[in-house]
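Asks: One structure coming up, written as C-alpha coordinates, with questions to follow.
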Amino acid sequence: MNQTQSFSVENGCLARYLASHYGENASRFLRMGSAERPTLTLYRKRSEASVLRHVSAPAHEDGYLVSVSLLGDRQQPISGGRFTETRIHAADSLSIRDLSERYETCLDGPFDFLFFHMPRSAIDAIAEENGTRKVEGLGCRLGVLDPIAAGLGRALLPALNEPTGANALFVEHVALALATHLAQAYGGLEAPATRWHGGLSRSHERRAKEFLTRHTTDEVSIAAVATECGLSRSYFIRAFRKTTGKTPHKWLLDWRVARAKQLLADREMPIAEIAAECGFADQSHLTRAFRNLIGVPPGAWRRENAF
(Lines give C-alpha, C1' and ligand atoms only; values in the text may rest on other atoms or scores of the structure.)
Protein backbone atom coordinates (compact mmCIF):
# COMPACT_ATOMS: atom_id res chain seq x y z
CA MET A 1 0.00 0.00 0.00
CA ASN A 2 1.57 3.28 -1.04
CA GLN A 3 1.24 6.57 0.74
CA THR A 4 -1.62 7.93 -1.36
CA GLN A 5 -3.90 4.91 -1.09
CA SER A 6 -6.64 5.04 1.51
CA PHE A 7 -8.01 1.54 1.39
CA SER A 8 -7.41 -1.94 0.04
CA VAL A 9 -9.41 -5.13 -0.27
CA GLU A 10 -7.43 -8.23 0.54
CA ASN A 11 -7.26 -11.41 2.51
CA GLY A 12 -5.59 -11.11 5.89
CA CYS A 13 -5.42 -11.86 9.57
CA LEU A 14 -8.70 -10.17 10.54
CA ALA A 15 -10.66 -12.12 7.92
CA ARG A 16 -9.03 -15.36 9.06
CA TYR A 17 -9.72 -14.51 12.69
CA LEU A 18 -13.40 -13.83 12.06
CA ALA A 19 -13.79 -16.81 9.78
CA SER A 20 -12.25 -19.15 12.33
CA HIS A 21 -14.83 -18.12 14.94
CA TYR A 22 -17.89 -17.71 12.74
CA GLY A 23 -17.42 -20.98 10.92
CA GLU A 24 -17.03 -19.96 7.28
CA ASN A 25 -14.15 -19.33 4.93
CA ALA A 26 -12.66 -15.85 4.81
CA SER A 27 -13.29 -13.76 1.72
CA ARG A 28 -12.03 -10.17 1.84
CA PHE A 29 -12.10 -7.06 3.95
CA LEU A 30 -11.77 -3.33 3.50
CA ARG A 31 -8.95 -1.55 5.30
CA MET A 32 -9.34 2.21 5.54
CA GLY A 33 -6.63 4.73 6.32
CA SER A 34 -2.93 4.55 5.50
CA ALA A 35 -0.58 1.66 6.22
CA GLU A 36 1.06 3.80 8.90
CA ARG A 37 -2.23 5.02 10.42
CA PRO A 38 -5.16 2.64 9.88
CA THR A 39 -8.59 4.00 10.76
CA LEU A 40 -10.93 1.02 10.53
CA THR A 41 -11.10 -2.37 8.90
CA LEU A 42 -14.48 -3.51 7.59
CA TYR A 43 -15.49 -7.12 7.13
CA ARG A 44 -18.92 -8.57 6.37
CA LYS A 45 -20.05 -11.94 7.69
CA ARG A 46 -23.46 -13.45 6.94
CA SER A 47 -25.28 -16.77 6.94
CA GLU A 48 -28.79 -17.76 5.88
CA ALA A 49 -28.64 -21.05 7.77
CA SER A 50 -31.19 -21.53 10.55
CA VAL A 51 -28.79 -23.30 12.87
CA LEU A 52 -27.33 -22.74 16.33
CA ARG A 53 -23.75 -21.55 15.83
CA HIS A 54 -21.24 -21.54 18.69
CA VAL A 55 -18.80 -18.61 18.64
CA SER A 56 -15.76 -18.81 20.90
CA ALA A 57 -13.05 -16.18 20.49
CA PRO A 58 -9.96 -16.06 22.73
CA ALA A 59 -8.20 -12.85 23.71
CA HIS A 60 -6.57 -11.57 20.55
CA GLU A 61 -5.03 -8.08 20.63
CA ASP A 62 -5.36 -4.51 21.86
CA GLY A 63 -8.31 -3.01 20.02
CA TYR A 64 -12.05 -3.31 19.54
CA LEU A 65 -14.37 -5.25 17.28
CA VAL A 66 -17.59 -3.35 16.58
CA SER A 67 -20.43 -5.27 14.93
CA VAL A 68 -23.59 -3.91 13.34
CA SER A 69 -26.42 -6.39 12.83
CA LEU A 70 -27.94 -5.55 9.44
CA LEU A 71 -30.89 -7.94 9.75
CA GLY A 72 -31.17 -8.35 13.49
CA ASP A 73 -30.03 -11.46 15.33
CA ARG A 74 -30.72 -13.77 18.24
CA GLN A 75 -27.87 -14.59 20.65
CA GLN A 76 -27.26 -16.57 23.81
CA PRO A 77 -24.13 -15.11 25.44
CA ILE A 78 -22.03 -17.49 27.54
CA SER A 79 -20.39 -16.38 30.79
CA GLY A 80 -18.42 -18.67 33.07
CA GLY A 81 -19.32 -21.64 30.91
CA ARG A 82 -23.06 -21.03 31.28
CA PHE A 83 -25.67 -19.54 29.01
CA THR A 84 -27.08 -16.18 30.06
CA GLU A 85 -30.49 -14.95 28.99
CA THR A 86 -31.30 -14.96 25.29
CA ARG A 87 -30.95 -11.59 23.61
CA ILE A 88 -32.82 -10.53 20.48
CA HIS A 89 -31.21 -7.61 18.68
CA ALA A 90 -33.04 -5.43 16.18
CA ALA A 91 -31.67 -4.49 12.79
CA ASP A 92 -29.03 -1.72 13.00
CA SER A 93 -28.10 -2.69 16.56
CA LEU A 94 -24.46 -2.35 17.55
CA SER A 95 -22.20 -4.36 19.81
CA ILE A 96 -18.64 -3.57 20.91
CA ARG A 97 -16.15 -6.18 22.07
CA ASP A 98 -12.74 -5.61 23.62
CA LEU A 99 -10.45 -7.91 21.64
CA SER A 100 -8.11 -8.32 24.61
CA GLU A 101 -10.85 -10.24 26.42
CA ARG A 102 -12.26 -13.69 25.69
CA TYR A 103 -15.70 -13.77 24.09
CA GLU A 104 -18.23 -16.58 23.79
CA THR A 105 -21.81 -16.72 22.54
CA CYS A 106 -24.23 -18.77 20.47
CA LEU A 107 -25.92 -17.34 17.39
CA ASP A 108 -29.36 -18.81 16.87
CA GLY A 109 -30.44 -18.61 13.24
CA PRO A 110 -29.47 -16.44 10.24
CA PHE A 111 -27.30 -13.35 10.67
CA ASP A 112 -25.69 -10.57 8.64
CA PHE A 113 -22.99 -8.60 10.43
CA LEU A 114 -20.73 -5.73 9.50
CA PHE A 115 -17.60 -5.93 11.62
CA PHE A 116 -15.39 -2.90 12.20
CA HIS A 117 -11.97 -3.48 13.68
CA MET A 118 -10.84 -0.30 15.45
CA PRO A 119 -7.26 -0.47 16.74
CA ARG A 120 -6.17 1.51 19.78
CA SER A 121 -3.92 3.60 17.53
CA ALA A 122 -6.96 4.80 15.53
CA ILE A 123 -8.68 6.06 18.69
CA ASP A 124 -5.52 7.88 19.77
CA ALA A 125 -5.12 9.43 16.31
CA ILE A 126 -8.66 10.85 16.34
CA ALA A 127 -8.09 12.45 19.74
CA GLU A 128 -4.78 13.90 18.56
CA GLU A 129 -6.32 15.34 15.38
CA ASN A 130 -9.13 16.99 17.36
CA GLY A 131 -6.70 18.42 19.90
CA THR A 132 -8.38 16.64 22.83
CA ARG A 133 -7.13 14.31 25.51
CA LYS A 134 -6.89 10.61 24.78
CA VAL A 135 -9.77 8.38 25.80
CA GLU A 136 -9.43 5.25 27.87
CA GLY A 137 -11.09 3.09 25.24
CA LEU A 138 -14.50 2.09 23.95
CA GLY A 139 -17.06 0.86 26.44
CA CYS A 140 -18.30 -2.66 25.70
CA ARG A 141 -21.89 -2.78 24.45
CA LEU A 142 -24.32 -5.50 23.40
CA GLY A 143 -27.24 -4.78 21.08
CA VAL A 144 -27.45 -0.98 21.28
CA LEU A 145 -29.53 0.55 18.50
CA ASP A 146 -27.24 2.90 16.58
CA PRO A 147 -28.68 4.13 13.26
CA ILE A 148 -25.70 6.47 12.72
CA ALA A 149 -23.11 3.69 12.79
CA ALA A 150 -25.40 1.44 10.75
CA GLY A 151 -25.99 4.11 8.12
CA LEU A 152 -22.29 4.90 7.76
CA GLY A 153 -21.50 1.20 7.59
CA ARG A 154 -24.07 0.60 4.87
CA ALA A 155 -22.58 3.49 2.89
CA LEU A 156 -19.32 1.51 2.72
CA LEU A 157 -20.88 -1.69 1.37
CA PRO A 158 -20.53 -0.75 -2.32
CA ALA A 159 -16.79 -0.21 -1.79
CA LEU A 160 -16.50 -3.62 -0.14
CA ASN A 161 -18.47 -5.32 -2.91
CA GLU A 162 -16.95 -3.44 -5.87
CA PRO A 163 -13.60 -1.95 -4.81
CA THR A 164 -12.59 -0.94 -8.34
CA GLY A 165 -15.54 1.45 -8.58
CA ALA A 166 -15.07 2.98 -5.14
CA ASN A 167 -13.55 6.39 -4.56
CA ALA A 168 -10.82 6.42 -1.94
CA LEU A 169 -11.65 9.94 -0.76
CA PHE A 170 -15.26 8.97 -0.13
CA VAL A 171 -14.32 5.75 1.68
CA GLU A 172 -11.82 7.50 3.93
CA HIS A 173 -14.25 10.33 4.68
CA VAL A 174 -16.98 7.90 5.77
CA ALA A 175 -14.50 5.80 7.75
CA LEU A 176 -13.22 8.85 9.62
CA ALA A 177 -16.79 9.95 10.39
CA LEU A 178 -17.63 6.47 11.67
CA ALA A 179 -14.49 6.18 13.80
CA THR A 180 -15.11 9.64 15.28
CA HIS A 181 -18.73 8.74 16.06
CA LEU A 182 -17.66 5.55 17.84
CA ALA A 183 -14.97 7.36 19.84
CA GLN A 184 -17.41 10.09 20.91
CA ALA A 185 -20.47 7.92 21.59
CA TYR A 186 -18.72 5.02 23.31
CA GLY A 187 -15.35 6.37 24.37
CA GLY A 188 -16.26 9.83 25.65
CA LEU A 189 -14.10 11.66 23.12
CA GLU A 190 -14.43 15.36 23.81
CA ALA A 191 -15.43 17.89 21.19
CA PRO A 192 -12.58 20.19 20.09
CA ALA A 193 -11.76 22.74 22.78
CA THR A 194 -12.28 25.71 20.47
CA ARG A 195 -15.25 26.21 18.20
CA TRP A 196 -14.23 26.10 14.55
CA HIS A 197 -15.53 28.55 11.95
CA GLY A 198 -12.94 29.16 9.25
CA GLY A 199 -12.09 27.73 5.86
CA LEU A 200 -8.87 27.10 4.01
CA SER A 201 -6.48 29.92 3.30
CA ARG A 202 -6.04 30.75 -0.38
CA SER A 203 -2.66 29.03 -0.47
CA HIS A 204 -4.03 25.91 1.22
CA GLU A 205 -7.01 25.83 -1.14
CA ARG A 206 -4.75 26.15 -4.18
CA ARG A 207 -2.36 23.52 -2.89
CA ALA A 208 -5.16 21.07 -2.07
CA LYS A 209 -6.83 21.42 -5.46
CA GLU A 210 -3.52 21.12 -7.31
CA PHE A 211 -2.68 17.98 -5.34
CA LEU A 212 -6.10 16.43 -6.04
CA THR A 213 -5.99 17.15 -9.76
CA ARG A 214 -2.40 15.91 -10.09
CA HIS A 215 -3.53 12.48 -8.93
CA THR A 216 -6.37 11.88 -11.38
CA THR A 217 -5.07 8.41 -12.25
CA ASP A 218 -4.25 7.46 -8.63
CA GLU A 219 -6.39 6.92 -5.57
CA VAL A 220 -5.50 9.82 -3.31
CA SER A 221 -6.28 9.83 0.40
CA ILE A 222 -7.57 12.65 2.57
CA ALA A 223 -4.58 12.09 4.82
CA ALA A 224 -2.20 12.70 1.91
CA VAL A 225 -3.93 15.94 0.86
CA ALA A 226 -4.11 17.16 4.45
CA THR A 227 -0.41 16.41 4.92
CA GLU A 228 0.37 18.34 1.73
CA CYS A 229 -1.33 21.35 3.37
CA GLY A 230 0.20 20.75 6.80
CA LEU A 231 -3.22 20.14 8.38
CA SER A 232 -4.92 17.29 10.23
CA ARG A 233 -7.50 15.19 8.37
CA SER A 234 -10.38 16.37 10.53
CA TYR A 235 -9.51 20.06 10.18
CA PHE A 236 -8.87 19.73 6.45
CA ILE A 237 -12.25 18.10 5.77
CA ARG A 238 -14.16 20.82 7.64
CA ALA A 239 -12.13 23.66 6.13
CA PHE A 240 -12.34 22.31 2.58
CA ARG A 241 -16.11 21.99 2.79
CA LYS A 242 -16.42 25.46 4.32
CA THR A 243 -14.37 26.92 1.46
CA THR A 244 -15.74 25.01 -1.54
CA GLY A 245 -19.19 23.93 -0.35
CA LYS A 246 -18.25 20.33 -1.18
CA THR A 247 -16.42 17.40 0.35
CA PRO A 248 -13.03 16.61 -1.25
CA HIS A 249 -14.61 13.52 -2.85
CA LYS A 250 -17.49 15.51 -4.42
CA TRP A 251 -15.21 18.32 -5.59
CA LEU A 252 -12.83 15.90 -7.30
CA LEU A 253 -15.69 13.94 -8.88
CA ASP A 254 -17.16 17.15 -10.30
CA TRP A 255 -13.73 18.17 -11.60
CA ARG A 256 -13.22 14.80 -13.27
CA VAL A 257 -16.60 14.95 -15.01
CA ALA A 258 -15.90 18.52 -16.16
CA ARG A 259 -12.55 17.36 -17.53
CA ALA A 260 -14.29 14.47 -19.29
CA LYS A 261 -16.66 16.93 -20.98
CA GLN A 262 -13.66 18.86 -22.33
CA LEU A 263 -12.14 15.68 -23.76
CA LEU A 264 -15.47 14.49 -25.18
CA ALA A 265 -15.50 17.54 -27.40
CA ASP A 266 -12.74 15.78 -29.35
CA ARG A 267 -14.57 13.12 -31.32
CA GLU A 268 -11.34 11.23 -31.99
CA MET A 269 -10.61 10.21 -28.39
CA PRO A 270 -12.32 6.95 -27.34
CA ILE A 271 -14.52 7.21 -24.26
CA ALA A 272 -12.57 4.39 -22.58
CA GLU A 273 -9.38 6.46 -22.90
CA ILE A 274 -11.17 9.53 -21.54
CA ALA A 275 -12.28 7.49 -18.53
CA ALA A 276 -8.68 6.45 -17.81
CA GLU A 277 -7.37 9.98 -18.40
CA CYS A 278 -9.86 11.42 -15.89
CA GLY A 279 -9.20 8.87 -13.17
CA PHE A 280 -12.24 6.63 -13.51
CA ALA A 281 -11.85 2.89 -13.00
CA ASP A 282 -13.28 2.12 -16.45
CA GLN A 283 -15.77 3.38 -19.03
CA SER A 284 -18.80 2.14 -17.08
CA HIS A 285 -17.58 4.01 -13.99
CA LEU A 286 -17.34 7.21 -16.03
CA THR A 287 -20.78 6.58 -17.52
CA ARG A 288 -22.41 6.21 -14.10
CA ALA A 289 -20.77 9.33 -12.71
CA PHE A 290 -21.46 11.35 -15.88
CA ARG A 291 -25.11 10.32 -16.04
CA ASN A 292 -25.66 11.09 -12.34
CA LEU A 293 -24.18 14.56 -12.68
CA ILE A 294 -25.10 15.62 -16.23
CA GLY A 295 -28.26 13.59 -16.75
CA VAL A 296 -27.17 11.74 -19.90
CA PRO A 297 -24.37 9.23 -20.66
CA PRO A 298 -21.13 10.60 -22.16
CA GLY A 299 -21.85 9.14 -25.62
CA ALA A 300 -25.16 10.95 -25.87
CA TRP A 301 -23.63 14.19 -24.57
CA ARG A 302 -20.84 13.94 -27.17
CA ARG A 303 -23.32 13.47 -30.03
CA GLU A 304 -25.15 16.67 -29.01
CA ASN A 305 -22.19 18.84 -28.05
CA ALA A 306 -18.98 17.78 -29.82
CA PHE A 307 -17.72 20.08 -32.54
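Asks: Taking the residues in region 54-68 that are crowded, with 18+ Cβ neighbours inside 10 Å and closer than 26 Å to Pro147 by Cα as candidates, determine which candidate is modelled with the lowest pLDDT.
Replies: Taking the candidates together, the pick is Gly63.
Asks: Here is a follow-up. Determine whether region 158-173 contains at least one residue that is in contact with a helix residue (DSSP H, G or I) (Cβ under 6 Å, 6 or more places away or on another chain) and within 18 Å of Ser93 (Cα to Cα).
Replies: Taking every residue of region 158-173 in turn, none turns out to be in contact with a helix residue (DSSP H, G or I) (Cβ under 6 Å, 6 or more places away or on another chain) and within 18 Å of Ser93 (Cα to Cα).
Asks: Tell me the residue from Pro147, Pro158 that is surrounded by fewer than 16 Cβ atoms within 10 Å (Cβ to Cβ), in contact with an Asp or Glu (Cβ under 8 Å, 6 or more places away or on another chain), modelled with pLDDT of 85 or more and not assigned by TED's automatic domain parsing to the domain that holds Leu231, please.
Replies: Pro147
Asks: Please verify whether Ala226 is touching a helix residue (DSSP H, G or I) at 6+ places or on another chain (Cβ under 8 Å), buried (at least 19 other Cβ atoms within 10 Å of the Cβ) and free of Cβ contacts under 8 Å to residues at least 24 places away in the same chain, treating the condition exactly as stated.
Replies: So Ala226 fits the description; yes.
Asks: Would you say Cys106 is closer than 19 Å to Arg53 by Cα, assigned by TED's automatic domain parsing to the domain that holds Ser69, modelled with pLDDT of 85 or more and not β-branched (Val, Ile, Thr)?
Replies: For Cys106, the condition - closer than 19 Å to Arg53 by Cα, assigned by TED's automatic domain parsing to the domain that holds Ser69, modelled with pLDDT of 85 or more and not β-branched (Val, Ile, Thr) - is met.
Listed here are the residues, each with its yes/no results for (1) closer than 28 Å to Leu42 by Cα; (2) at pLDDT 90 or above; (3) surrounded by 17 or more Cβ atoms within 10 Å (Cβ to Cβ).
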| position | (1), (2), (3) |
| --- | --- |
| Ala193 | no, no, no |
| Glu210 | no, yes, no |
| Val220 | yes, no, yes |
| Trp251 | yes, yes, yes |
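Asks: Then there's this: When you scan region 69-76, do you find a residue that is part of a strand (DSSP E or B), in contact with a strand residue (DSSP E or B) (Cβ under 6 Å, 6 or more places away or on another chain) and surrounded by fewer than 18 Cβ atoms within 10 Å (Cβ to Cβ), even just one?
Replies: Taking every residue of region 69-76 in turn, at least one turns out to be part of a strand (DSSP E or B), in contact with a strand residue (DSSP E or B) (Cβ under 6 Å, 6 or more places away or on another chain) and surrounded by fewer than 18 Cβ atoms within 10 Å (Cβ to Cβ).
Asks: Here's something else I'd like to know. Could you run through region 89-128 and say how many residues are outside any loop (DSSP other than H, G, I, E, B), buried (at least 19 other Cβ atoms within 10 Å of the Cβ) and charged (D, E, K, R)?
Replies: Final tally of qualifying residues: 1.
Asks: Suppose we filter region 58-71 for residues that are under 14 Å from Phe115 (Cα atoms) and not aromatic (Phe, Trp, Tyr); how many remain?
Replies: The qualifying residues number 8.
Asks: Ok, one more. Quick one: is Ala276 touching a residue at least 12 places away in the same chain (Cβ under 8 Å), touching a Ser or Thr at 6+ places or on another chain (Cβ under 8 Å), of a type in the set (Gly, Ala, Ser) and part of a loop (DSSP other than H, G, I, E, B)?
Replies: no
The values are calculated or read from the model by the stated rules, or taken from the named source; none is laboratory data. Please read all numbers here as calculations on a predicted model, not as lab measurements. A quick note on method: Cβ atoms are made from the backbone with ideal geometry, for glycine too, and the neighbour counts reach across all protein chains shown.
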